[in-house]
Amino acid sequence: MSIRIELAQQLITKLSEHLDYNINIMDDQGTIIASRDPQRIGNFHEGAYLLVRDNQDIELVEEDKELPEGMRPGVNLPITYDGAVIGVVGITGHPGEVKNLAYAIKTSVETMVEYEYYKEAMVRRQDTKNQFFSRLLYEHVQDVRELDDFAGKLGYNADMLRVPILYQLGSHDQNLEVLQAVKKSSLHDKQHMTYITVDKDLLIFKPLQLDGKGIFSHFREEVEEYIRDTLEHISRAGLSRPESCYVGTYQNQLGQFQEAYRHTLWLMSHTRRKGTQGFKVHFFCDHVMNYFFEAIPSTYFSHVFSFIDHSLDRSTKRMLMSTIEALRQNNMSIKAASEELQIHRNTISFRMEKIRDLLGLDPMNKSSDLNLIIMLVEYLKVSRKGV
């Protein structure tokens with residue numbers, strides 16, 4: 001580590017506005033790199049060189065000593081970083097008068113160097129983090145050990161079970177502030193992998209604890225608690241609330257994180273198409289069937305259900321889709337489905353009788369019929385003739 005010449009000179013220039021003493025800063029070889037007297041820059045300072053060579057803590061040059069030609073009384077102090085001497089600060093004047101000032105300047109330079117190193121380290125870490133997430137989310141990585149190596153450099157445990165949470169931000173110019181607010185949560189730690197996506201939303205791969213009980217319900221509770229707490233910190237910071245949160249699939253291998261992230265993007269797109277209004281936490285596991293339906297080529301469904309297009313008229317298909325969808329969303333409760341559709345519950349019962357008569361299916365009492373009619377409805381939803 002070395003002292004940045006520009007910053008050293010800026011410090012001396014500012015000090016010289018208030019002090020009459022001559023101040024020099026030398027590197028670890030005794031060369032003057034910054035001085036109140038610009039003509040001295042580049043000159044060799046023997047006292048500084050000997051101070052470093054002899055590993056001295058301080059050099060006091062007294063007035064009553066016989067001084068070599070060109071040397072004036074003053075104080076020289078080593079500048080250290082991480083236990084190593086990286087330079088020397090020298091101030092001219094009576095040692096008793098300038099000693100404390102010399103220590104103050106020494107401390108200022110050391111603090112400046114430490115801060116500069118910290119900034120450089122942060123830049124290097126951010127660059128490493130950007131490379132890591134670029135490979136993790138967007139690139140095809142053949143050797144997952146590369147991801148593990150990146151994770152290790154960033155202090156992440158590569159083997160931890162994590163789930164992606166995507167905060168869709170309404171105000172993208174606040175994404176960094178939102179990230180800082182989230183990090184203040186007591187439920188957030190350094191194993192939470194955070195990233196501002198290319199769409200300027202906030203992505204967090206949250207670690208999860210696996211205890212082997214109630215896996216899906218336990219994870220949901222843990223994630224919901226984390227989201228509630230982070231939203232509270234966002235609100236306390238006076239920042240805009242995210243428009244929605246999307247929770248992807250649980251993964252414990254970095255090579256699968258890209259798919260987990262894609263699941264959150266699919267979930268965002270899927271819920272938008274459904275016209276969901278207002279803030280909500282969406283879980284991918286609640287939409288797995290829809291995901292698989294979209295992943296299966298539509299021709300497969302057509303081969304199985306195309307005959308329905310000739311058997312049902314348009315109004316019947318619409319009735320079938322709206323009724324079954326309402327029942328699905330309400331755990332097959334006729335009462336809840338009727339409230340959602342704003343019709344009498346007897347109307348739902350009448351519709352189900354009509355479906356039994358027309359299709360010969362009894363989804364309320366037979367699981368295989370329920371599975372079949374759900375797939376039929378999904379086919380009708382994507383079929384042009386089902387519109």
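The values are calculated or read from the model by the stated rules, or taken from the named source; none is laboratory data. As the structure is a computational prediction, the values presented were derived from the model and not from experiment. Counting neighbours? That spans all protein chains shown, and the Cβs are built from the backbone with ideal geometry, glycine included.
Consider Q131 carefully, then state whether it is free of Cβ contacts under 8 Å to residues at least 24 places away in the same chain, part of a helix (DSSP H, G or I), over 30 Å from S235 (Cβ atoms) and not assigned by TED's automatic domain parsing to the domain that holds L210. Show your work before the answer.
Details: free of Cβ contacts under 8 Å to residues at least 24 places away in the same chain: yes; part of a helix (DSSP H, G or I): yes; over 30 Å from S235 (Cβ atoms): yes; not assigned by TED's automatic domain parsing to the domain that holds L210: yes.
Yes; evaluated as a whole, the condition is true for this residue.
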Residue, surrounded by the fewest Cβ atoms within 10 Å (Cβ to Cβ), within the range 301-328, restricted to residues that are among the small types (G, A, S) and either in contact with a helix residue (DSSP H, G or I) (Cβ under 8 Å, 6 or more places away or on another chain) or modelled with pLDDT under 85 (or both): S311
Criterion violated by H282 - all others in (1) touching a residue at least 24 places away in the same chain (Cβ under 8 Å); (2) part of a helix (DSSP H, G or I) satisfied: (2)
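If you go through the range 117-125 one residue at a time, do you hit one that is within 18 Å of Y246 (Cα to Cα) and out of contact with any His (no Cβ under 7 Å at 6 or more places or on another chain)?
Going residue by residue through the range 117-125, those that are within 18 Å of Y246 (Cα to Cα) are none.
Checked the range 117-125: no residue is within 18 Å of Y246 (Cα to Cα) and out of contact with any His (no Cβ under 7 Å at 6 or more places or on another chain).
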Per-region count, the range 344-358, residues at pLDDT below 90 and either buried (at least 16 other Cβ atoms within 10 Å of the Cβ) or under 41 Å from the mean Cα position of the chain (by Cα) (or both): 1
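Of all residues in the range 138-154, count the ones that are surrounded by fewer than 18 Cβ atoms within 10 Å (Cβ to Cβ) and either in the same structural domain as L254 (by TED's automatic domain parsing) or in a helix (DSSP H, G or I) (or both). Spell out how you get there, then give the answer.
Let us first name the residues in the range 138-154 that are surrounded by fewer than 18 Cβ atoms within 10 Å (Cβ to Cβ), namely 138-146, 148-149, 152-154.
Restricting the remaining residues to those that are either in the same structural domain as L254 (by TED's automatic domain parsing) or in a helix (DSSP H, G or I) (or both) gives 145-146, 148-149, 152-153.
Within the range 138-154, residues that are surrounded by fewer than 18 Cβ atoms within 10 Å (Cβ to Cβ) and either in the same structural domain as L254 (by TED's automatic domain parsing) or in a helix (DSSP H, G or I) (or both) number 6.
From the list D189, D149, exactly one residue is under 13 Å from the mean Cα position of the chain (by Cα) and without any contact (Cβ under 8 Å) to a residue 60 or more places away in the chain. Which is it?
Numbers: D149 fails: under 13 Å from the mean Cα position of the chain (by Cα).
Exactly one of D189, D149 is under 13 Å from the mean Cα position of the chain (by Cα) and without any contact (Cβ under 8 Å) to a residue 60 or more places away in the chain, namely D189.
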Residue list for the range 348-387, filter: under 20 Å from A295 (Cβ atoms) and in a loop (DSSP other than H, G, I, E, B): S383
Residue ranges of strands (runs of 3 or more DSSP E) in the range 1-107 with at least 1 members touching a residue at least 40 places away in the same chain (Cβ under 8 Å): 23-27, 32-35, 74-81, 84-92
Residue match in the range 163-181 (condition: more than 23 Å from R135 (Cα to Cα), modelled with pLDDT of 90 or more and part of a loop (DSSP other than H, G, I, E, B)): yes
Residue within the range 329-343 that is over 26 Å from S217 (Cα atoms), surrounded by 14 or more Cβ atoms within 10 Å (Cβ to Cβ), at pLDDT 90 or above and among the β-branched types (V, I, T) present: yes
Qualifying positions in the range 11-54 - over 19 Å from T111 (Cα atoms), acidic (D, E) and within 47 Å of the chain's Cα centre (by Cα): E17
Residues being touching a helix residue (DSSP H, G or I) at 6+ places or on another chain (Cβ under 8 Å) and hydrophobic (A, V, I, L, M, F, W, C) - total across the range 74-106: 9
